[in-house]
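The values are calculated or read from the model by the stated rules, or taken from the named source; none is laboratory data. The structure presented is a predicted model; accordingly, all values stated were derived computationally and were not measured. Virtual Cβ from ideal backbone geometry, glycine too; neighbours counted across all protein chains shown.
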Amino acid sequence: MNDPKQWDANPVASFDTFIQGPEFGRTSHRLGLTEPKPVSNKSAHIYRSMFGKFALWLARENKAFTRVVEQDLIRFISQNRAHGEQNSLISRRYLRLLERCYHHLQIRPNPATAALQVAGANGYIAQDHGMQVLDASDIAAFVNALPPLSPPGPNRAGRPPKAWKRRRDHAMQATMLFAGLRVAEAIGLRLSEVNDPFDGAFGDDGIVLALSPEGKHDTSHAHDTVLRAYGAQALRTWLREREALGVKGDLVFPGDLAGKPMSAVTVYRQVRATFGRAGIDVDHNGGRTLRNTFAVEELREGRTRGISRDSWAWRSNARRASTRSRKERHGNEGIGNLQHPGPGRPAGADTRATARAGRLRRRQGFRPGAARL
């Protein structure tokens, strides 16, 4: 529905029709050569909630949707920021969503585009942080701070071994770091996507993960990646325990023994907690930084197989970051040199001195872990 009069008369209904059709996908900044996929139910729910909030604001302001100008949109996000309902990132997402609506209606100039430019130029909406990666000391500190990998004890009567979820979380976060998985890809990773984890066919310790979009994010796509070094060993250890637990279903990292998926919020919170325990100070203390680190290390080693398609946009930047990071490092340790610590021994025990040195350098103003591009 691209009738301006209908959008003014009933903006919520018009947006609902827009988001359900193919035109919404065609307005995406990520649009490639293929026909866009339909919006997932989860994403559509978020978009409707965002637009509904804007529609309520329009009604209070007695404004027609197609008569909005950039100053109106700046006032909208300013009022929400003043009430503590938006941060810089959320404000940007609101304006991007509205930009797609006005683009669909062919309204020129696009008021949301203009508002983004004005807000960005005046520093009201912070510019996106540059790509951040972890250096050798950060990687060691992160592994050392993973949830405890204490060996499972004997089964209690009718109950699973103690702390099995901590060992699951340990392996999951190691897999995200050493294979470059998104949170949704880690949550939706299936046993059928883990190729021959115990045969050592891909070197001494590599595991090929053949990822499919099934059960993951609506922007996920089929691709392969190779889980290397410590990540492969951590996953093998977990898969053995998973089998012994008798977990139902096909998920590698289930939320419970019945095979229910984990919550994305839980995974985000756990990854942030690991960053906190490690003392790593980066602007993005989540899965994105782990993925960036994996990609930079792969490019540094001349490998591209495990870098997902959405990383090609910054591949050349990643190479430059890798070059700078190598020059800044106080050693040659990388993501591929960490080894399994062995049972009964804390993960990363032999890297604590390196991690402490990295944190000391950051306190002194030296931050190789935040490579900015």
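For the condition at pLDDT below 95, in contact with a strand residue (DSSP E or B) (Cβ under 9 Å, 6 or more places away or on another chain), basic (Lys, Arg) and at negative phi, what is the one hit in ARG272, ARG240, ARG305?
ARG305
Conditions tested, residue by residue: (1) under 20 Å from the mean Cα position of the chain (by Cα); (2) part of a loop (DSSP other than H, G, I, E, B); (3) without any contact (Cβ under 8 Å) to a residue 60 or more places away in the chain.
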position	(1), (2), (3)
TYR230	no, no, no
LEU235	yes, no, no
GLU241	no, no, no
VAL247	no, yes, yes
ARG277	yes, no, no
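Looking at the range 31-41, is at least one residue part of a helix (DSSP H, G or I) and either at pLDDT 95 or above or under 30 Å from GLU214 (Cα atoms) (or both)?
The answer is yes, given that some residue of the range 31-41 is part of a helix (DSSP H, G or I) and either at pLDDT 95 or above or under 30 Å from GLU214 (Cα atoms) (or both).
Would you pick out the residues in the range 92-111 that are surrounded by 21 or more Cβ atoms within 10 Å (Cβ to Cβ) and among the hydrophobic types (A, V, I, L, M, F, W, C)?
If the condition is that a residue be surrounded by 21 or more Cβ atoms within 10 Å (Cβ to Cβ) and among the hydrophobic types (A, V, I, L, M, F, W, C), then LEU95, LEU98, CYS101 are the ones that fit.
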